[in-house]
Structures are given as structure tokens and as C-alpha cells.
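Each reported figure results from applying straightforward, stated rules to the coordinates on display, with no laboratory input. Just so we're clear, the structure is a prediction, and the values are computed from it rather than from any experiment. Cβ coordinates were reconstructed from backbone atoms using ideal geometry, including for glycine residues, and neighbour counts include every protein chain displayed.
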Amino acid sequence: MSESSKVVHTVLGPVPAGELGVVSVHEALLSVLPGAEHAFDITFDRSAIFETLAAKLRDFRACGGGTIVDSTGMFHGRDVRLYEALSRATGVHLVASTGQGPEELLGGYFLTPQTNPPTPWPAERFADLFTKEITEGMAVPRVERRGPAGLVATAVTRGGMTATDESLLRGAARTALATGAALSVRYGADPVGELGVVLDEQLPPGRVVVGGLDRKDAVAAGAPAKVAAMGAHLALDHAGTEDAAHVTDAERARLVAELVAAGHADRILLSTGATGVAKGHPATDTPYGHVLTVLVPLLKEQGVGDDDVRRILVANPRDLLALR
């Protein structure tokens, strides 16, 4: 497939990869902690949710943004019909994702052993579930299927990979391999080891992005450069978050400059990990345009040139998201 003919699955259908513009690869639109939709003290005013998200997306577009990837997977508030309406209203391309994880956020059905002797869901069952969301459309529970997912997303338990997490990783990798979609992994405790599990499924490393690599533990261990050296994309996806777990924006900028100098400019992805609307958990209320308005000027102060900035914001995510 030639570069000019590659497409990306958005909620409004296939879009030529070259039309995505600036992409923010790890964001959340409507993020609902599983179970919160049944809580008596949490309201779901769809018109208010729409207006809040639309304002944030218009702000992103005004900053120069083109595409938001909702990388939350299947059961954390994903509302495909809402996202379709938002994309039409704002002109921002929206890419939704399939996938699940980490284990602690799976619904009980996916954690209940259904074999004798009891074992976690096997990788092939997760692969079948995720693959159908790309080949047949994303499921709207008990109603229908809508357009196809554009990304497979999973996450690993923060304390370390569980048996179910491993099934999720392998199943997600098999879906990516079978469909040509990319795989996003939010690492748990060992980004290099968890990436190794995915690559063990024969998925080319260039089809994988490992997220969360601006956590202090990852940076201290040199994980961003190690992941890039393995051929995968690395996401510094908490721009604007400066807390006990993550490096500051100034440190992110220095890290990007170091990675560019080391020859890894074509592996870097940036995002804010923002939450547009959160239900049942605290929001990460960073503007989606923070990378453009705050981090990019810091990158230029560190000597990262315009060509590399555009590669990181436009070309790298375009190449990752384009179906292969």
C-alpha cells in the first residue's frame, strides 16, 4: 500500500492518513470508571457532556490540532454516537479504540474463570473480541455495531503484569497483527518486558506505542530510549501533569531533545493524557492543546528544530495510526 493510499479509521469513517494533521495520541473524551454509570450520585447529562467536550475540541483545533485519539478502550465510557456528533460539530477527527485493561478495571465477566480447571480468559478470546470491533464495527451494548475502531489499546497493572494482563497483551497484539491496526500499551511496571511480550506475538515493533514513559520511574530506568531502540514508538503522554509520579514539562522537553539527538525522532509521540469529562474518578483537566501551546515552545528552547517537531506531532502518529 502506497503512502498516499493509507487510511485511518475515525468515528466518521476512513480518512486519508495525510489529513490527520497534528495528532494527540493518548487522550480520553468521556471517561467513566466502570460501575459509575450505575451510581446514584453521578449524573449523565448528555447535552452538558457534549457541550463540554465540544468546547475542548474546538480549543484544540484553534491551537492547531487536527486529531484526537480516545485511547480508553471498550468499557471506560466510550460513546461512539456521541463521538460521531462531536467530530461533525467541531471538525476534529476522532479515533476511538478497542481493547481493555488493566486487570483491575475489567468487568467481572472477563475475570470469571470459565474453564475447568479455572484459568484467565485466554489471549485468543480477547483477540476475537477486539478484532471484531475493527473488522465488524464497535459494539454499542445490546443495540448495534457502529464504525470500526482505529486502535487497539490495553494497559498493564501498575504493580506488575498479571496472568490476565498477559492474555490482554497477547490478544491485543494478535488483533493488531490480524487487522493492521496499531497497538497502544500503557505499561505497568516493566515497559521493556511488557513490550517483549507483545513482540513475542510477531507484531512488528513499529506498530506498537508504549505509553506512560514520562513517569519518573521509566525515565530513571532509561526506558524511553530502550523502547525506541527496540523499534517501538514511545509516548510521553502526560504533558501538563507535574506530580509525584511524572516529570515536569521542562524535563519532558529535555528528554525529547536527548532522544532526538540520539536518533530517535521518528519514535517519539506526545500527548496530555487529558480527560474531557470524567465520571467516578478525578479528571485530568489539562487542555488538549497543551502540547502545542506549552510543550512545543519548551522543545524549541531545547534546540529541537521545526522539522523534528512536525515529525513528532504529525508524521509519527500518522504512520502509527495508518492501517497496514
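Taking a straight line from the alpha carbon of residue 56, these lysines sit under 18 Å away, with near neighbours fewer than eight places off in the same chain left out: 279.
Tell me the mean residue ellipticity at 222 nm calculated for the chain from its helices only (DSSP H runs of n ≥ 4, each -39500 (n - 2.57), averaged over every residue, nearest 500). Spell out each step's value before the answer.
Details: 12 runs with 113 residues, N = 324.
Using -39500 (n - 2.57) per qualifying helix, the result is -10000 deg cm²/dmol.
Below 13 angstrom from the Cβ of residue 202, what's the summed charge of the other residues (Lys, Arg +1; Asp, Glu -1)? Could the numbers behind the result be given before it?
On the way: positive: 170, 174, 207; negative: 200, 201.
Around residue 202, the charge tally is +1.
Simple spin-label estimate for residue 111 and residue 158 gives 1.6 nm between the two label positions (7 Å along the Cα-to-Cβ direction from each Cα).
What fraction of the DSSP beta bridges in the chain is antiparallel, stated in percent and rounded to the nearest 5?
Numbers: 7 of 34 bridges.
Within the chain, antiparallel bridges account for around 20 percent of the total.
With R₀ fixed at 25 Å, the C-beta to C-beta distance from residue 135 to residue 217 puts the FRET efficiency at about 0.10. Stretched out straight at 0.36 nm per residue, the stretch from residue 307 to residue 12 would grow longer than its current Cα-Cα span by 103.2 nm. The H on the amide N of residue 145, modeled in the peptide plane, is under 5 Å from the matching H of 140, each at least 5 residues off or on a different chain. Residue by residue, region 149-166 carries 3J(HN,Hα) couplings of 5, x, 7, 9, 10, 8, 9, 10, 4, 4, x, x, 5, 8, 4, 5, 4, 5 Hz when phi is fed to the Karplus relation 6.51 cos²θ - 1.76 cosθ + 1.60 (θ = phi - 60°); x denotes Gly or Pro. Stretched out straight at 0.36 nm per residue, the stretch from residue 89 to residue 54 would grow longer than its current Cα-Cα span by 11.9 nm.
Multiplying the residue separation of residue 42 and residue 199 by 0.36 nm and removing their Cα-Cα distance gives an extension gain of 52.5 nm.
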